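Taking it in order: structure first as structure tokens, then the write-up.
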Amino acid sequence: MSENYLDVAIETAEEAGKILREEFDRPPQISYKGDVDLVTQADRRSEAAIVARLTKYFPQHAIVAEEGTGHESTSASEFRWHVDPLDGTTNFAHGYPCFSVSIALAQRDTVIAGVVFNPFYNELFAAERERGATLNGKPIHVSKVPALSTSLLCTGFPVHKRLANPNIHYYWDFTLRSHGVRRDGSAALDLASVAAGRFDGFWEFGLQKWDTAAGSLLVEEAGGKVSDFAGQPYRLGGPMILATNGSIHEEMRKVALEISQRDPAAPLQRPQV
């Protein structure tokens, strides 16, 4: 990569992470986007620092940031940063230390650099297209777990429109078919954990581009696979994402596809395994 995109992303994530640690030790200042969607002073401070630094280094690039302070519409650049200044806001607001900064750069529709940083545990996941993925500078790889039945999975649920979200059916099925399903509340960290071999598979619905851009690159560069339930390459902002170690991908994909064809109003049933 000719430019220092990843270096700047790392520096920027670390700066934002310092802000989040600072704010984590204070009583949270919480407001709401809608009825239940939290936003904190930490989100705003982190995003302001990220947008300012990226703009300083790459003034022509577009920036898409969750809290809306980027400048996507004013740039004709083929480069676009996807920024989540605090992924896991609900966790953060409740004092649960599972949250992250997620920063990724896409060239047209291809993510070429990404960083996910958990400042509480000082874990920085980073990846460049075709150059591998790292955790605190050391190479990481997806797990070698060969089957869904012995895998540990993760997923997430939205904070709004929960009744319209079908994921409880997938959660039920995959819980019974695997060693277990975790729900930690930060999609970026979930994807990073798949890349690091901590989880063997991840799926979720309705995620935004800033939720998955960095994490999906981490999984791919760590040797995993990312797609939709039909097996097509995952597109940022797509309605669903499936990310795995590769070994269990087809098995998970077939189960997910089968669940998607059921009546969502039908009662939960034990799967035939």
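The values are calculated or read from the model by the stated rules, or taken from the named source; none is laboratory data. For clarity, every value in this text was computed on a predicted model and none was experimentally measured. So basically every Cβ, Gly included, is an ideal-geometry build from the backbone, and we count neighbours across all protein chains shown. To get the accessible areas, we keep the full protein, side chains included, count just its heavy atoms, and leave off ligands, DNA and RNA. Shrake-Rupley method; radii C 1.70, N 1.55, O 1.52, S 1.80 Å.
Quick check on the stretch 155-178. Is at least one of its residues within 13 Å of the chain's Cα centre (by Cα) and either open to solvent by less than 20 Å² (accessible area, probe 1.4 Å) or aliphatic (A, V, I, L, M) (or both)? Yes - at least one qualifying residue is present in the stretch 155-178.
Evaluating Thr175 against the criteria (1) in a strand (DSSP E or B); (2) more than 25 Å from Ala9 (Cα to Cα) leaves one unmet condition, (1). Screening the stretch 188-211 for residues that are in contact with a Gly (Cβ under 8 Å, 6 or more places away or on another chain) and open to solvent by less than 10 Å² (accessible area, probe 1.4 Å) and picking the one that is nearest to Leu152 (Cα to Cα) gives Val194.
Within the stretch 121-135, residues that are hydroxyl-bearing (Ser, Thr, Tyr) reach partners that are surrounded by 18 or more Cβ atoms within 10 Å (Cβ to Cβ) with beta carbons closer than 8 Å, at six or more positions or on different chains, in the pairs Thr134/Phe125; Thr134/Ala126; Thr134/Ala127; Thr134/Ile140. If you check Ser178, Ser186, Ser227, Ser193, which single one turns out to be of a type in the set (S, T, N, Q) and over 23 Å from His82 (Cβ atoms)? The conditions single out Ser178.
Here is the figure for the stretch 213-254: residues that are of a type in the set (Lys, Arg), touching a residue at least 40 places away in the same chain (Cβ under 8 Å) and in a helix (DSSP H, G or I) total 0.
Exactly one residue among Val39, Val83, Val111, Val64 is part of a strand (DSSP E or B) and either basic (Lys, Arg) or at pLDDT below 85 (or both), and that residue is Val39.
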